[in-house]
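Q: What follows is a single structure, and I will ask about it in a moment.
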Amino acid sequence: MLEIEKYTPKENWLLGLLFNEGYFLVRLIRRVQTNYASYQWNSGTKIAADGTSSDWETPTDSASRYYLEPQIREHIYQIFTGIAPSSARLFYSYPKRVDRGSIIAEREVPSPSDNYNIGFWDGEMSPYRDPSPITELWTVDDLYPYFKANNYGISGTSRVIKSNFIINMYTYQLIKDTTLQDKIIKGEKRATIFTMGDLEQPINAPQWIKECYGSCFREPEEVTL
């Protein structure tokens with residue numbers, strides 16, 4: 001069994017995505033798991049030792065649709081990422097141009113001045129065929145991550161860097177009951193809770209969620225523990 005199976009919600013599980021606006025709480029209904037492999041960064045061109053891919057990129061198909069973005073609003077994706085070779089490093093922006101894992105606010109990653117040592121996943125942390133739970137991301141329509149690959153120069157040779165994405169696709173039902181919402185937020189009801197973004201730069205919910213479900217957001221401060 002892959003390690004990520006322990007972190008994969010089953011059907012009828014509860015999920016809370018914590019956006020800047022508050023918790024977006026849903027019940028997951030149906031689930032299908034798929035994978036996308038192998039995606040080769042830098043358009044499949046070898047990256048020089050200690051070099052990075054030429055630009056931030058996200059996997060797309062021939063019709064320019066984003067593989068890591070649900071194509072309809074009624075779906076939510078959970079994504080895990082495996083990386084090869086083992087010393088290769090992957091940095092991510094989510095959404096584009098908002099870098100994550102940098103520790104220091106408003107500092108772009110990767111940064112040559114930091115020797116690419118902050119805010120990355122590598123193939124040892126998250127092997128290609130057995131992605132690590134640390135790479136977990138959740139996406140909704142109009143929201144998807146971008147990545148930049150770094151060929152950490154242990155071998156001193158140019159290499160193609162690739163990823164294996166394991167994607168759990170869900171349908172969902174919005175939770176409107178405030179009593180149940182409170183129990184989830186207080187931890188009285190078992191649920192998967194995921195912070196969208198980080199402490200300094202939380203992700204804003206897409207406009208369609210705010211228009212359709214804005215009244216259902218629950219701010220953490222609204223709930224008395």
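The values are calculated or read from the model by the stated rules, or taken from the named source; none is laboratory data. The shown structure was predicted, so the numbers you read here are calculated from the model rather than taken from an experiment. For neighbour counting, all protein chains shown are included, and Cβ atoms are generated from backbone atoms with ideal geometry for every residue, glycine included.
Q: Within region 81-88, can one find any residue that is closer than 24 Å to TYR170 by Cβ and in a loop (DSSP other than H, G, I, E, B)?
A: So far as region 81-88 goes, no, none of its residues is closer than 24 Å to TYR170 by Cβ and in a loop (DSSP other than H, G, I, E, B).
Q: Going through region 63-83 one residue at a time, which ones are farther than 23 Å from ILE4 by Cβ and not basic (Lys, Arg)?
A: ALA63, SER64, ILE72, GLU74
Q: Could you tell me which residue of region 185-224 is modelled with the lowest pLDDT, considering only residues that are polar (S, T, N, Q) and part of a loop (DSSP other than H, G, I, E, B)?
A: Only one residue fits best here, namely THR224.
Q: Being part of a strand (DSSP E or B) and among the charged types (D, E, K, R) is the filter; apply it to region 1-57 and report the residue that is nearest to ILE161 (Cα to Cα).
A: GLU57
Q: Right, here's the next one. Among the residues of region 144-159, what is the count of those that are surrounded by fewer than 21 Cβ atoms within 10 Å (Cβ to Cβ) and out of contact with any Phe, Trp or Tyr (no Cβ under 8 Å at 6 or more places or on another chain)?
A: Matching residues across region 144-159 total 7.
Q: Collect the residues in region 37-59 that are under 18 Å from the mean Cα position of the chain (by Cα) and either at pLDDT below 90 or loosely packed, with under 12 Cβ neighbours inside 10 Å (or both), keeping them in residue-number order.
A: ALA37, SER38, TRP56
Q: Do we find a residue being on the phi > 0 side of the Ramachandran plot, surrounded by fewer than 20 Cβ atoms within 10 Å (Cβ to Cβ) and not aliphatic (A, V, I, L, M) anywhere in region 172-195?
A: Residues of region 172-195 on the phi > 0 side of the Ramachandran plot: 187.
Subsequent filtering for residues that are surrounded by fewer than 20 Cβ atoms within 10 Å (Cβ to Cβ) retains 187.
Applying the additional criterion that residues be not aliphatic (A, V, I, L, M) yields 187.
Among the residues of region 172-195, at least one is on the phi > 0 side of the Ramachandran plot, surrounded by fewer than 20 Cβ atoms within 10 Å (Cβ to Cβ) and not aliphatic (A, V, I, L, M), which makes the answer yes.
Q: Just name the residue that is surrounded by the most Cβ atoms within 10 Å (Cβ to Cβ) out of those in region 67-110 that are more than 17 Å from the chain's Cα centre (by Cα), at pLDDT 60 or above and not charged (D, E, K, R).
A: ALA88
Q: Something else about it: For region 129-162, what are the residues that are within 16 Å of the chain's Cα centre (by Cα) and either part of a loop (DSSP other than H, G, I, E, B) or among the aromatic types (Phe, Trp, Tyr) (or both)?
A: PRO131, SER132, GLU136, TRP138, ASP141, ASP142, TYR144, PRO145, TYR146, PHE147
Q: State which residue pairs qualify: first residue in contact (Cβ under 8 Å) with a residue 12 or more places away in the chain and inside region 156-182, second residue surrounded by 20 or more Cβ atoms within 10 Å (Cβ to Cβ) and among the charged types (D, E, K, R) in any location, beta carbons under 7 Å apart, and separation of 6 or more residues or different chains.
A: Every condition considered, the pairs that remain are GLN181/ARG218.
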